[in-house]
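Trainee: Next up is a structure, given as structure tokens.
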There are 2 protein chains.
Amino acid sequence: MQALLVSNSTNHDEGYLDHCMPAMLELIGERRRLAFVPFALFDREGYAARAADRFGREGLEVRAVTADTTGHDTLRWAEAVFVGGGNTFRLLKTVQEHDLLTTLRQRSRDGLVYMGASAGANLACPTIRTTNDMPIVQPVSFDALGLVPFQINPHYLNPPTGSTHMGETREQRLTEFLEENPTVVVGLREGSWIKVAGAAATLGGLRPALVLKRETAPEERSPGADLSDLL
Amino acid sequence: MQALLVSNSTNHDEGYLDHCMPAMLELIGERRRLAFVPFALFDREGYAARAADRFGREGLEVRAVTADTTGHDTLRWAEAVFVGGGNTFRLLKTVQEHDLLTTLRQRSRDGLVYMGASAGANLACPTIRTTNDMPIVQPVSFDALGLVPFQINPHYLNPPTGSTHMGETREQRLTEFLEENPTVVVGLREGSWIKVAGAAATLGGLRPALVLKRETAPEERSPGADLSDLL
């Protein structure tokens, strides 16, 4: 299994996917057929056009996955897939309804290079229970692809200093997750990604990631760190 | 139906429920028997003790609702209920599993004064689809009490100025909700609440609330404003 799980699609003041494109292209290698999954946004066609433009500039042939039988064909045609960010509940519900979840899981275990940003990174985890998104639609289950055995919290950020807002901080939310679930969580800051190649996982990008487990203190891992112990 | 739906349990630099206690006591009136629902937090007993202490100081007799048959008895005994904040998914899952949701709905329509803060305000809405919380556990359905026909987004806050964080703003999240759902949303800022008495609803507290609808621009309502048009 080869995967690139990215915290965010766009860095502040940069273009769409610019910060992680070199890492994506390295993983894609000689492959040229890319499927794009646009279901996390409402405007699927506009989203697909944006992705086709961005990956087209890199010389890739891009087809958008559609929520019908052709979608399965597109996933079988592809050598790599990129699942775009947006709302994780909407994304999961759509791939469940058309059973694309099963095809995506089988193909990813069978050699398809899986790449996802934000909601697309959530989808690679055992469940979507560590998404930041609002539950605007109801999937039949929170179970996701399970390509990796840990959870990712994308767009991770430290508690703001000096805030008077009383809503939970991100770390409080993830602590609540660990009260209810034994699964390890990686808080993946913007600009960062996790690369998985077989039994090896490494942290890419420019920022450290926070690894949260039950019964031990949160642990920072530096850019470039080995994360294979989490697989 | 009488209800007080509060954005947040605690204002910055104030004590637990201090900011909304006068409004709660006005609604409670001569009633003395209060049930407290602690399921949104992991430590139910500690939470129940805190609520018993706080409402006890106001001369109320407090019993915690338990996730068993006695819980139903407690809701039948009570003249008012307060549903505490925490994680909305955990709260909803627990009241679903023990069918306390049905009893709570029936009793609230039958004269029980319903009060809830944060997750407890979400619970009074048609669904929990406008919660800010992380989906750490999976309820069988997102359907909630439906005591009011609109959705509340508690802890509502304006987009931060000067932030370089690329996660969605609250308004973007609620816009995504409206893409998928026709229901009106009230963005309820901290320090604010909605009081419902029969066919009348008013905005209480010190901050304006944002009313979001499909196809019209968001509209600010001032403290004290009539919200009966949303019922």
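Please treat every number below as a calculation from the coordinates, not as lab data. Nothing here was measured: the structure is a model prediction, and the numbers come from that model. Cβ: placed from backbone, ideal geometry, glycine included. Neighbour counts: every protein chain shown.
Trainee: Could you pull out the trypsin sites (Lys or Arg not before Pro) across the range B:190-231 that fall in loop regions by DSSP (anything but H, G, I, E, B) with no more than 16 other Cβ atoms inside 10 Å?
Mentor: Values: sites: B:Lys195, B:Lys213, B:Arg214, B:Arg221; in loops: B:Lys213, B:Arg214.
Filter output for the range B:190-231: B:Lys213, B:Arg214.
Trainee: So which residue of A has the beta-carbon closest to the axis that swings A onto B, and how many whole Å away?
Mentor: A:Pro135, 3
Trainee: I would also like to ask the following. Give me the inter-chain shielding for A:137-143: mean count of other chain Cβ atoms within 10 Å, whole number please. Show your work: numbers first, answer last.
Mentor: Values: counts 7, 10, 3, 1, 1, 6, 1.
Mean number of neighbouring Cβ atoms from other chains: 4.
Trainee: Could you tell me the distance between the Cα centroids of the range B:10-70 and the range A:14-46, to the nearest Å?
Mentor: Result: 50 Å between the Cα centres.
Trainee: Can you show me the helix-derived [θ] at 222 nm for chain A, built from DSSP H runs with n ≥ 4 at -39,500 (n - 2.57) apiece and divided by the number of residues, rounded to the nearest 500.
Mentor: Details: 7 runs with 66 residues, N = 231.
Helix-only estimate at 222 nm: -8000 deg cm²/dmol.
Trainee: Give me the aspartates and glutamates in straight-line cross-link reach of A:Lys213: C-alpha distance below 14 Å, same-chain residues under 8 apart excluded.
Mentor: Excluding near neighbours in sequence, the set is A:Glu171, A:Glu176, A:Glu179, A:Glu180, A:Asp229.
Trainee: Could I ask something else about it? Please report how far the C-alpha centroid of the range A:158-176 lies from that of the range A:118-134, rounded to the nearest whole angstrom.
Mentor: The two parts, judged by their Cα centres, are 19 Å apart.
Trainee: Further question: Relative contact order for the range A:128-185: what percent, with Cα pairs under 8 Å and sequence separation of 6 or more? Could you put the intermediate results ahead of the total?
Mentor: Working: 35 pairs, mean separation 24.5, N = 58.
Worked out over the range A:128-185, it gives 42 percent.
Trainee: Compute the label-point distances linking A:Arg207 to its equivalents in the other copies; points lie 7 Å from Cα along Cα→Cβ; give nm, one decimal, shortest first.
Mentor: Counterpart label points of A:Arg207 in the remaining copies fall at 2.4 nm.
Trainee: Copy-to-copy spacing for A:Pro160, label 7 Å out on the Cα-to-C-beta vector, in nm, shortest first?
Mentor: Ordered by increasing distance: 0.5 nm.
Trainee: Distances from A:Ser222 to the same residue in each other copy, label points 7 Å out along Cα→Cβ, in nm, shortest first?
Mentor: 5.8
Trainee: Oh, and also: Note the angle between two axes, namely the Cα long axis of helix B:44-56 and the longest principal axis of the Cα atoms of chain B, as a number of degrees from 0 to 90, rounded to the nearest 10.
Mentor: On a 0 to 90 degree scale, this one is about 80.
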